[in-house]
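What follows is a short report on a single structure.
The values are calculated or read from the model by the stated rules, or taken from the named source; none is laboratory data. Just so it is clear, the model here is predicted, and its values are computed rather than measured. Cβ coordinates were reconstructed from backbone atoms using ideal geometry, including for glycine residues, and neighbour counts include every protein chain displayed. Note: accessible area is taken over every heavy atom of the protein model, side chains too, but ligands, DNA and RNA are not part of it. Shrake-Rupley method; radii C 1.70, N 1.55, O 1.52, S 1.80 Å.
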Amino acid sequence: MAWNGVVGRQVMNLLLQESTAITAVTRGPGSAALPDDVQAVSGDLFRPQWIEAALEGVEALQISPRATGPGLGELLRLAVRQGVQRVVLLSATTVEHPAGEARFAAQFQHAEDLVSSSGLDWTVLRLADFAANALAWAPQIRSGDVVRGAYGRAATSPIHETDIAAVAARALRGGVPPGSIHTLTAPQSLDQVEKVHLIGAALGRALSFRNSRRSTYARACSRKGCPRRSPTACSAPWPTTPTAPDPPPALWKNCWADPRAPSPTGHATTHPPSAADAPPIPTTPHSPHTKTGSPPMNLALWIAAGLLTAVALAGGISKTFIPKARLAAQHGGEWTQDASTGFIKTLGVLELLAAIGLTLPAVLDIAPVMVPVTAACWIALMVGAMITHGRLGQSRLVLLNTVYLALAIFIAWGRFGPWSFSS
Ligand SMILES: NC(=O)c1ccc[n+]([C@@H]2O[C@H](COP(=O)([O-])OP(=O)(O)OC[C@H]3O[C@@H](n4cnc5c(N)ncnc54)[C@H](OP(=O)(O)O)[C@@H]3O)[C@@H](O)[C@H]2O)c1
């Protein structure tokens, strides 16, 4: 196993409690930081032929696809040749609940395919995002009460590493039926705003999450090595993972933001459960029970913007390109008789601009704040239209304007507020 990973360390702790012999791989110089009874092997798992000798006498392998990279197929062949019996793969929920960059899901899927066709007894653990990922916020939390990030309402069911380790350790010992796939998530779906509040509660501080602009976040992502050509994919929301329908309570004893867990300030310590304590592993697929608040509201806002765009486009084209006399002859166009051609065409151009502003900035992720700004302008336009049609006694048109006004208020509220594009 790659012992220096978040999960690897926890699994090693559990197996050491049971005096299980461990061989740990590291690219570093080796055993300095390891307990005496762990055999350290220095090597690069991308080139597993260099560590073949270390596989002799090994009963079970724990595989991290990130650590093995393109060397996984070769590592598995060598493992079979050296008489290894079992392999436990740390995969990800993105295989079954695609989100984020497709290449990550594809890499995990490829690793699962290699493992399941290796000839070894295999167990695949599809993991939700780790509780320890929140440690990325530690520097911000040390220096203030505000955590900045993007996609504050993107939700996952983060799982504590010691829970993963308890299941992995059991699987390594052969306590899991071979040829099985297990999705491991915590029972609670949490968005980033909620996670920060929970950390604050655990620390006794009032922490809050603040959305950065998406473009700022994408730039930060690309500085960390994401491909420049796909900054939008790079900054896509974290995967929303399902929660377990009937969580076996013992499995989730290391709750997210548990004060016992490693704290973002780095002071508290964790108490890993014994592998023998590990509860029965859920073998049935979890029902996809995702956080319901975010996507429907976001979708409703997109639909509202789409409808208003269509209305603005139709109104803009007719006012800009249809002659005044023809407009005046149409039902509802009577008001144009008393208006100058210049005024009508100006209104038409404004409506065309509104059609652009209501959707394109968000679609292209260029100044998306223009969406609610346009909606606010549309509100003013509709108030004017309602007054004009009201004076002419056109109550049906006033009603129609009221509907457009309501849509615009909805968009302005949602996109300036809780469903802002910088979330
Ligand atoms: N974080 C999440 O939310 C999440 C969610 C689902 C799945 N996963 C997956 O779960 C797995 C376990 O993650 P983890 O965070 O515990 O980290 P990990 O990838 O298992 O461990 C990281 C350690 O692996 C070692 N390593 C990396 N490349 C290596 C190489 N070429 N040869 C030898 N050793 C190498 C390094 O240790 P040395 O520096 O000592 O060499 C590194 O510190 C990963 O594959 C990850 O992609 C993560």
Next item on the list: Starting from the Cα gyration tensor of the range 295-416, take the square roots of the eigenvalues, sort them a ≥ b ≥ c, and report rounded, prolate or oblate (rounded when a/c is under 1.5, otherwise prolate if a/b is larger than b/c, else oblate).
Entry: prolate
Checklist line | Cα centroid separation - the range 1-15 against the range 66-105, whole Å | finding: 16 Å
Notebook entry, point to check: Going highest first, how would you order 193-199, 82-88 by mean Cβ packing within 10 Å?
Noted result: 193-199, 82-88
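I'd like to check one number: the per residue accessible area of the range 127-212, probe 1.4 Å, reported in Å² as a whole number. Don't skip to the end; give the middle numbers.
Values: 2960 Å² over 86 residues.
With the other protein chains kept in place, the range 127-212 gives 34 Å² per residue.
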Margin query: Highest mean first, how do 411-419, 380-388, 10-18 rank when packing is the count of other Cβ atoms within 10 Å averaged over residues?
Written below: 10-18, 411-419, 380-388
Checklist line | Where a label projected 7 Å from the Cα of M297 along Cα→Cβ would reach, residues of the range 145-180 with amide N under 13 Å | finding: 152-155
Notebook entry, point to check: Roughly how big is the range 295-416's charge dipole about its Cα centre, with Cβ charges of +1 (Lys, Arg) and -1 (Asp, Glu), in debye to the nearest 20?
Noted result: 220 debye
Margin query: Can you give me the distance in nm between label points at S208 and D44, each placed 7 Å from the Cα along the Cα-to-Cβ direction?
Written below: 4.8 nm
Notebook entry, point to check: Can you give me the Cα centroid spacing of the range 327-351 and the range 176-209 in angstrom?
Noted result: 56 Å
Check: From the phi of every residue in the range 107-119, what ³J(HN,Hα) in whole Hz does the Karplus formula 6.51 cos²θ - 1.76 cosθ + 1.60 yield, where θ is phi - 60° and glycine or proline is x?
Finding: 5, 5, 4, 4, 4, 4, 4, 5, 5, 6, 10, 6, x
Note to self: Just to verify a number: FRET efficiency for A329 and D113, C-beta to C-beta distance, R0 = 60 Å, to 0.05?
What the structure shows: 0.35
